[in-house]
Structure formats: C-alpha cells, structure tokens
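These notes concern the structure reproduced below.
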Amino acid sequence: QVQLVEAGGGLVQPGGSLRLSCTGAEDIWNIDWYRQAPGQQQRDWITTVFSDGSTNYADSVKGRFTISRDNAKKTVYLQMDTLRPEDTGIYYCHAFIRTVRNHYWGQGTQVTVSS
C-alpha cells in the first residue's frame, strides 16, 4: 500500500528556512512537491526529484528551494530557504506510479510565512 506522509511545516518569518520531509517514497518513483495557496483550489507544482536523482524546479522557487532524496530512508526532503509570504500554503508530496497508473498524495503540511 502506497502511503506518503509529509512533515516539517510550521510558522516562519520572511527570510527564514524550513525543511519538509516526505516518507514512504520508493527509490524507483519520481516524487513531486506541490503547493496549494490559501483560497486556491488547485495545487501548483513546484519541484520534482527523479528516480535517477536529477531535479527540476518551478521558476518561483528556483535558487531558494532544494529537493533531495535519501533512498535508504525512503524519504524525500524539501529544503526551503529565503522564504517569502507568497510561499504560504499547504505542501503536498505526490507520486504517479506508472505500473498501476495511479496518483498518490500525502495529507499535506501547512507552511505559513509571516512576520
């Protein structure tokens, strides 16, 4: 059974840092992070770490966020630096498993950037 669990959200001042984690990530899966801003229904893609370790970022977070994975711990991390108020939202971990053609989401973790 696929279960992704996020942790690490919280309240931080502008310019601060947080590190999110997503456990349950098998090493053959590409793992994404999405963000759902307040009052917004859709989730916006922000970054992906591929099974080979390569990464991709949305322009809005490039240079400030870093995604990484520890396959031994089945965990993907999202290091968020120089946080801005517009980074506020619920952060979701996501995987699309091709063998079963299904999307899997974690429960989300709240990040609030405010002074």
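The values are calculated or read from the model by the stated rules, or taken from the named source; none is laboratory data. Remember, it's a predicted structure, so these values are computed and weren't measured experimentally. Glycine gets a Cβ as well: all are built from the backbone with ideal geometry, and neighbour counts include every protein chain shown. SASA here: full protein model, heavy atoms, side chains in, ligands and nucleic acids out. Shrake-Rupley method; radii C 1.70, N 1.55, O 1.52, S 1.80 Å.
Checking Ser68 against (1) small (Gly, Ala, Ser); (2) surrounded by 14 or more Cβ atoms within 10 Å (Cβ to Cβ); (3) assigned to a strand (DSSP E or B): exactly one of these is not met. Which one?
Going through (1) small (Gly, Ala, Ser); (2) surrounded by 14 or more Cβ atoms within 10 Å (Cβ to Cβ); (3) assigned to a strand (DSSP E or B) one by one, Ser68 breaks only (2).
Might you check whether a residue that is out of contact with any strand residue (DSSP E or B) (no Cβ under 9 Å at 6 or more places or on another chain), open to solvent by 40 Å² or more (accessible area, probe 1.4 Å), at pLDDT below 95 and not small (Gly, Ala, Ser) occurs anywhere in the range 86-97? Spell out the reasoning first.
Let us first name the residues in the range 86-97 that are out of contact with any strand residue (DSSP E or B) (no Cβ under 9 Å at 6 or more places or on another chain), namely none.
There is no residue in the range 86-97 that is out of contact with any strand residue (DSSP E or B) (no Cβ under 9 Å at 6 or more places or on another chain), open to solvent by 40 Å² or more (accessible area, probe 1.4 Å), at pLDDT below 95 and not small (Gly, Ala, Ser).
List the pairs whose first member sits in the range 57-77 and is of a type in the set (D, E, K, R), whose second member is part of a loop (DSSP other than H, G, I, E, B) and surrounded by fewer than 16 Cβ atoms within 10 Å (Cβ to Cβ), and whose Cβ atoms are under 6 Å apart, counting only residues at least 6 apart or on separate chains?
Arg64/Asp81; Arg64/Thr82
I'd like the residue in the range 1-34 that is part of a strand (DSSP E or B), open to solvent by 40 Å² or more (accessible area, probe 1.4 Å) and touching a residue at least 60 places away in the same chain (Cβ under 8 Å) and, out of all such residues, is farthest from Arg84 (Cα to Cα). Write out each step before concluding.
Pass one, the range 1-34, residues part of a strand (DSSP E or B): 5-7, 10-12, 18-23, 31-34.
Now narrow it down to the ones that are open to solvent by 40 Å² or more (accessible area, probe 1.4 Å): 5, 7, 11, 19, 23, 34.
This time we only want the ones that are touching a residue at least 60 places away in the same chain (Cβ under 8 Å), so: 5, 7, 11, 19, 34.
On the way: Val5: 24, Ala7: 19, Leu11: 12, Arg19: 14, Tyr34: 16 Å.
Here the residue is Val5.
Ala37 fails exactly one of the following numbered conditions: (1) more than 13 Å from Ala95 (Cβ to Cβ); (2) open to solvent by 70 Å² or more (accessible area, probe 1.4 Å); (3) more than 11 Å from the chain's Cα centre (by Cα); (4) not hydroxyl-bearing (Ser, Thr, Tyr). What is the number of that condition?
(2)
Is there a residue in the range 100-110 that is of a type outside the set (S, T, N, Q), outside any loop (DSSP other than H, G, I, E, B) and open to solvent by 60 Å² or more (accessible area, probe 1.4 Å)?
Checked against the condition, which is being of a type outside the set (S, T, N, Q), outside any loop (DSSP other than H, G, I, E, B) and open to solvent by 60 Å² or more (accessible area, probe 1.4 Å), the range 100-110 yields at least one hit.
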